[in-house]
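Shown next, in structure tokens, is the structure this report addresses.
Every number here is computed from the coordinates shown, using simple stated rules; none is lab data. Since this is a predicted model, take the numbers as computed values, not measurements. For neighbour counting, all protein chains shown are included, and Cβ atoms are generated from backbone atoms with ideal geometry for every residue, glycine included.
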Amino acid sequence: MYFNRILYRLMAGLALAAFMSACKVAAPAPLPATPALPSFGAGTESTSLSDLHWKDFFKDPILISLIDTALQRNPDMLAAAQQIEIARANVQMAQGALLPQISGVGAIGVERFGKYTMTGVGNYDTNLSENISEDQKVSDPLVPDYFLGFRSSWEIDLWGKLRKSKKAAMARFLASEKGKQLVVTSLIADVAHLYYHLLALDMELETLNRHIELQQIGVKLIKVQKEGGRATELAVQQFMAQLLNTKGLKVEKEQEIVGVENQLNRLLGRFPQPIVRGGSLYEQELPEEARAGVASEILRRRPDIRMAELELVAAKVDVEAARAAFLPSLTLSPYVGFNAFNASLLFQPASLAYGVLSGLSAPLLNRNHLQAAYKSSDANRIQAFSAYQNSILNGVQEVMTSLKEIENYKKVAALKEEEVNMLHKAVRASNNLYAVGYATYFEIILAQRSVLEAELNLTNTRKSILQSTVRLYRALGGGWQE
């Protein structure tokens with residue numbers, strides 16, 4: 001009884017010392033407040049482009065088919081799916097730590113006890129006792145030990161350390177799902193971006209072919225005029241040089257088309273092959289009105305922001321778990337099974353043994369590994385907060401940039417259309433003036449070159465409008481809905 005009181009006092013003192021020692025661990029510094037989100041101006045309706053499923057956002061059936069193929073076969077999608085499985089396994093591991101560990105044990109051992117030890121003297125004295133039967137005598141000098149049964153170890157989660165670890169693992173599991181959604185959003189946007197680039201190159205190639213045909217006619221006419229004495233060899237050479245330059249541009253565009261097709265095939269998870277196109281660049285339909293929705297919506301919709309937020313939650317819980325590691329831990333170790341020093345008697349009812357051991361342990365000295373783990377988790381918390389802040393800043397910047405891009409590119413497209421119309425008139429006027437001797441061949445060449453450049457620029461501007469709308473859709477967190 002006296003010994004038990006001393007033991008209880010010792011355990012209580014140990015727990016108190018460990019608790020007081022853990023309280024000396026400095027609490028983590030509070031994180032700064034997140035700045036308020038700016039307004040998106042006129043586009044602050046409650047609905048936005050991100051409310052649309054990607055199959056409703058895009059109208060071209062060929063593009064929809066390409067995106068669907070990419071979502072099924074892209075290597076990044078496969079890797080993201082496995083990352084979720086890894087995070088799910090970590091949750092299962094953290095959950096298992098809360099439950100008792102039960103092991104089936106079959107053990108055989110042998111030991112020789114010294115004659116001048118408590119056990120050695122006890123065994124010798126036991127064999128001389130008249131109170132034991134022959135099968136209870138201990139073999140000498142080697143004493144076998146046989147055990148067949150179950151042993152368990154269960155850490156009682158007094159301070160919530162294990163529960164906090166489970167909470168952190170669950171937050172990272174949810175973050176991995178957001179990571180997959182981020183891959184989906186990025187992949188959809190990348191496929192659409194390259195597809196529109198491909199359509200723009202097709203349009204540019206068509207423009208170059210049309211101008212090559214016109215320039216070939218011009219070369220024939222200038223040669224006829226030379227034969228009639230109305231033009232010089234210099235004029236013929238200038239027209240030929242212009243034709244060769246345009247043909248060179250055509251070859252460059254053909255090579256650029258091959259490069260873009262190969263990039264798109266890589267996203268689709270397949271080897272290089274021709275890409276089937278749908279409607280032309282001018283036939284592509286996207287939502288006319290680019291609405292961003294309220295600013296706070298991007299915090300809920302953007303997968304990267306939600307992923308960073310969940311990583312921050314996990315990092316905060318990791319700090320709490322690291323602080324709890326300084327507190328005493330209580331472990332129960334029960335066992336039950338058959339135990340005997342004679343194999344033939346192992347399964348006798350009298351060989352049944354059971355017991356339980358409880359232990360309270362606390363780190364008092366040399367806690368460097370715990371302190372290092374705490375400092376590391378706290379630094380990771382601050383790093384996760386910085387990543388969260390950065391994702392918000394990046395999200396707002398992308399939305400506001402894309403909104404302004406769409407608005408300005410539409411203005412540029414209207415001006416480019418006027419420029420192209422004006423230059424077509426200039427080409428016709430230069431031809432007419434050259435016919436009556438009021439313009440030189442050089443003015444004709446300059447007018448043709450200017451209209452070609454303007455038509456190519458107009459095509460690029462129309463492509464930029466489509467790509468900017470896709471970038472806005474991505475910036476608002478649309479596209480990942482299942």
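Descriptive notes on the structure:
- The distance between label points at VAL436 and LYS220 comes to 2.7 nm (points 7 Å beyond Cα on the Cα→Cβ vector).
- Summary of the geometry: the range 220-255 and the range 269-284, compared by the centres of their Cα atoms, lie 33 Å apart.
- Note on ASP145 and ALA29: the model spin-label points, each 7 Å out from Cα along the C-beta direction, lie 5.3 nm apart.
- Helix-derived mean residue ellipticity, 222 nm - over the chain, DSSP H n ≥ 4, -39500 (n - 2.57), to 500: -22500 deg cm²/dmol
- Summing +1 for each Lys or Arg and -1 for each Asp or Glu among the other residues whose beta-carbon sits under 13 angstrom from that of ASN431 gives +1.
- Applying both filters, DSSP loop and at most 10 other Cβ atoms within 10 Å, to the GluC sites (Glu not before Pro) of the range 80-173 gives GLU130.
- Multiplying the residue separation of ARG230 and ASN342 by 0.36 nm and removing their Cα-Cα distance gives an extension gain of 27.9 nm.
- Estimated FRET transfer efficiency when R0 is 60 angstrom, pair TYR354-ASN390 (beta carbons, to 0.05): 0.55
- Label corresponding to Cα extents along the principal axes in Å when calculated from the structure given, among [x] 143, 50, 38; [y] 73, 70, 42; [z] 103, 56, 41: [x]
- Sparsely packed trypsin sites (Lys or Arg not before Pro) within the range 198-258, loop by DSSP, other Cβ within 10 Å at most 14: ARG230
- Net charge of neighbours whose Cβ lies under 11 Å from the Cβ of SER176, counting Lys and Arg as +1 and Asp and Glu as -1: +1
- Estimated at 0.36 nm per residue, the fully extended path between ASP68 and LYS375 surpasses their Cα-Cα distance by 106.0 nm.
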